[in-house]
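What follows is a single structure, written as structure tokens, with notes after it.
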Amino acid sequence: MDKSEAKQLIVQAYDAWDAEDWLTAAGLFERVLAHYPDTSRSPVWWYDAALAHKFLRNWGKAYELGREAAARAPRGEGDPAYWNLGIAATIQRDWATARDAWEGFGIQLPPGEGEIDGRFGPACVRLDTDGKREVVWIDRLCPTRGRVMNVPVTGGRRFGEVVVHDGEPKGHRVVEGREYPVFEELLLFQPSELTTLTATVNAGEAADLDALIELFDRHGYGAEPASGFEVLCACCSEGTHEQERKTHGGAQRVSFGAPEEEARRLLGQWAAQTPIGRSWSGLTVVG
């Protein structure tokens, strides 16, 4: 392939890119890179080819091409080639490459080898389940993985599952003056074995409901009152939204992420602590 033909193919690749025809764009970049892997423009083509496969959720190719892109990127300067490789390597469970990619980006990781299990703070993820979208809170385990800390209302999703999310925030949530990013889910990395249940809970005061939520949390489970769920339009969801946790007394539906027998035990324990004003009924498995 001469340089003139390569130039024409690159033009075609970016035309396909503008049309969001990621498969064609990636294929054209790869054809050129097979002949010109290390010209002055090659690092950009490696990166774009890998990114196109990321958009296609073709993680094997995103990983393969991402390694080439990162090998040609400067370390410690926040180059996105390392971030995308970190995502793809995480999905491939190549922890050595993922660790090297995050460090190449400039992120300080907890010392160790293998799977990254750090504390990167709370954030939000917009779950995407067959077109149903729901924003939940996560505890970030690494730069791209988080454990779901809400009990999702979307069928098939569970408290405690681990998801992989993208790196660019699509919206923010503000709680008590602090802003948290909302990331887009890329895939479900590790399902949760915790059952989703629902029950009618009668709490004399908001403090009683707070005590129930805290009791489940102390045991590693989730409790989510229906009043905590808020429906937003797509525009508001992807913007900056001030979020306030609201609990109140009275009868209400509460969802739980816990084994059924454990949920019954904890509900019984909670009700027995204050016999007047606390009760529950109708515990039902929903997913």
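Below is a table of values for the structure above.
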{"quantity": "Residue within the stretch 231-244 that is closer than 15 Å to F159 by Cα and modelled with pLDDT under 95 present", "calculated": "no"}
{"quantity": "Yes/no for Q92 being polar (S, T, N, Q) and over 20 Å from the mean Cα position of the chain (by Cα)", "calculated": "no"}
{"quantity": "Within the stretch 256-285, tally of residues that are farther than 16 Å from E214 by Cα and in a loop (DSSP other than H, G, I, E, B)", "calculated": "4"}
{"quantity": "Residues of the stretch 56-81 classified as of a type outside the set (A, V, I, L, M) and part of a helix (DSSP H, G or I), total", "calculated": "9"}
{"quantity": "Selection status of L23, in contact (Cβ under 8 Å) with a residue 24 or more places away in the chain, crowded, with 19+ Cβ neighbours inside 10 Å, in a helix (DSSP H, G or I) and out of contact with any Lys or Arg (no Cβ under 6 Å at 6 or more places or on another chain)", "calculated": "no"}
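The values are calculated or read from the model by the stated rules, or taken from the named source; none is laboratory data. Keep in mind that this is a model prediction, so the values were computed, not measured. Cβ coordinates were reconstructed from backbone atoms using ideal geometry, including for glycine residues, and neighbour counts include every protein chain displayed.
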